[in-house]
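Presented below is the structure to which this report refers.
The values are calculated or read from the model by the stated rules, or taken from the named source; none is laboratory data. These numbers come from a predicted model, not from an experiment. Because the Cβ atoms are built from the backbone with ideal geometry, glycine has one as well, and the counts that use them run over all protein chains shown. For the accessible areas, the whole protein counts, side chains as well, though only heavy atoms, and no ligand, DNA or RNA atoms are used. Shrake-Rupley method; radii C 1.70, N 1.55, O 1.52, S 1.80 Å.
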Amino acid sequence: MIYLKTPEEIERMRGASTLVSQVLGEVAKWVRPGESTRRIDQIAREFILDNGGKPACLGYHGFPGTLCVEVNDTVVHGFPSGYELRDGDIVGFDTVVEKDGFMGDSCYTFAVGEISPEKMALCRTTKEALYEGIRACRVGGRIGDIANAVQTYCERRNYSLVREMTGHGIGRSMHEEPEVPNYGRRGIGPVIRNGMCICIEPMVNMGSRNVVIARNGWECMTRDHKPSAHYEHTIAIRNDEVEILTTFDYIEASLGERFI
Ligand code: MF3
Ligand code: CO
């Protein structure tokens, strides 16, 4: 069942999405060598609570953090920990905020200090793939059009797409139908309609697409331990147009010259 949202509901989605974007803007200020991911997680939690939101990941099926932390070969769902960020790491922070009964979901992969040209290219390609997916999204089209655009863009550049996790519908719950895969054929899958709200979130690997899940049942890593990058926006389809409800502008404002 795909829940189509009214314009009023989409405005509330925008509120949650703006807050989650601001959270990542705050997180950006703390991404530096020596900072522990647990400390950054605490900062995010306090920021959400101070701004009238609820950290939706915290306690979700027992997830132990406000932020999912994705250092280097961690693809998704890493736990905040005592690990201190190091120069040359890439780190994704993925989080969901509930506000006014609706959810906003976004992820950004940051560079810690100076990163290798290979990691930089991986991050840039993954972010671009997200926007390619968004560009492929139009009323009357299909979810497979988005999936195919993301896949084609990345595979042409010799990266691989994780298949075990997908983007998703979003609304009053963080995961609604439809699934939004990052691979697949054009013209297949659900029809894109006005009122749909979805998250597009390419998870792109430098090496093979294979992943392993840690014994804690959550943390997902590349099998070959090569790096993986992940970017995510929440978008809404309204008046036959696609609106990106989340934004990386707050991150850009925090990072200035260091924004990649
Ligand atoms: N954006 C992530 C997802 O869609 C958020 C996960 S929150 C968690 O899977 F609690 F499940 F970790
Ligand atoms: Co998501």
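Taking a probe of 1.4 Å, how large is the accessible area per residue of the chain, in Å²?
43
Please list 3J(HN,Hα) in residue order for segment 179-190, calculated via the Karplus relation 6.51 cos²θ - 1.76 cosθ + 1.60 where θ = phi - 60°; whole Hz, with x for glycine and proline.
Along segment 179-190, the couplings run 6, 10, x, 9, 7, x, 9, 4, x, 10, x, x Hz.
Is segment 43-89 rounded, prolate or oblate when judged by the Cα gyration tensor, a ≥ b ≥ c being the square roots of its eigenvalues, rounded requiring a/c under 1.5 and prolate requiring a/b larger than b/c? Each step should come with its number before you reach the end.
Numbers: a/c = 2.74, a/b = 1.58, b/c = 1.73.
Since a/c reaches 1.5 but b/c is at least a/b, the shape of segment 43-89 is classed as oblate.
Roughly how many nanometres apart are two label points built 7 Å out from the Cα toward the Cβ at Leu49 and Arg138?
That separation, rounded to one decimal, is 4.7 nm.
Calculate what fraction, in whole %, of the accessible area of segment 62-165 sits on carbon and sulfur atoms when a 1.4 Å probe is rolled over the protein chains.
The value for segment 62-165 is 43 percent carbon and sulfur by accessible area.
Any idea what the relative contact order of the chain is, in percent, if you count C-alpha pairs under 8 Å spaced at least 6 apart?
That works out to 24 percent.
Once the Cα gyration tensor of segment 7-258 is found, what semi-axes does its equivalent ellipsoid get, as square roots of 5 times the eigenvalues, in whole Å, sorted largest first?
Taking √(5λ) for each eigenvalue gives 25, 22, 16 Å, largest first.
Return the subset of Lys5/Lys54; Lys54/Lys119; Lys5/Lys99; Lys29/Lys127; Lys54/Lys226; Lys127/Lys226 for which the Cα-Cα distance in this structure is over 24 Å, preserving the input order.
Table pairs above 24 Å Cα-Cα are Lys54/Lys119; Lys54/Lys226.
Take the alpha-carbon positions of segment 16-165, form their convex hull, and give its projected area averaged over all directions (one quarter of the hull surface) in nm². Please report the intermediate quantities before stating the final value.
Numbers: hull surface 38.5 nm².
Convex hull of Cα atoms, orientation-averaged projection: 9.6 nm².
Please report the accessible area of Glu128 (heavy atoms, 1.4 Å probe, ligands and nucleic acids excluded) in Å², nearest 10.
Solvent-accessible area, nearest 10 Å²: 70 Å².
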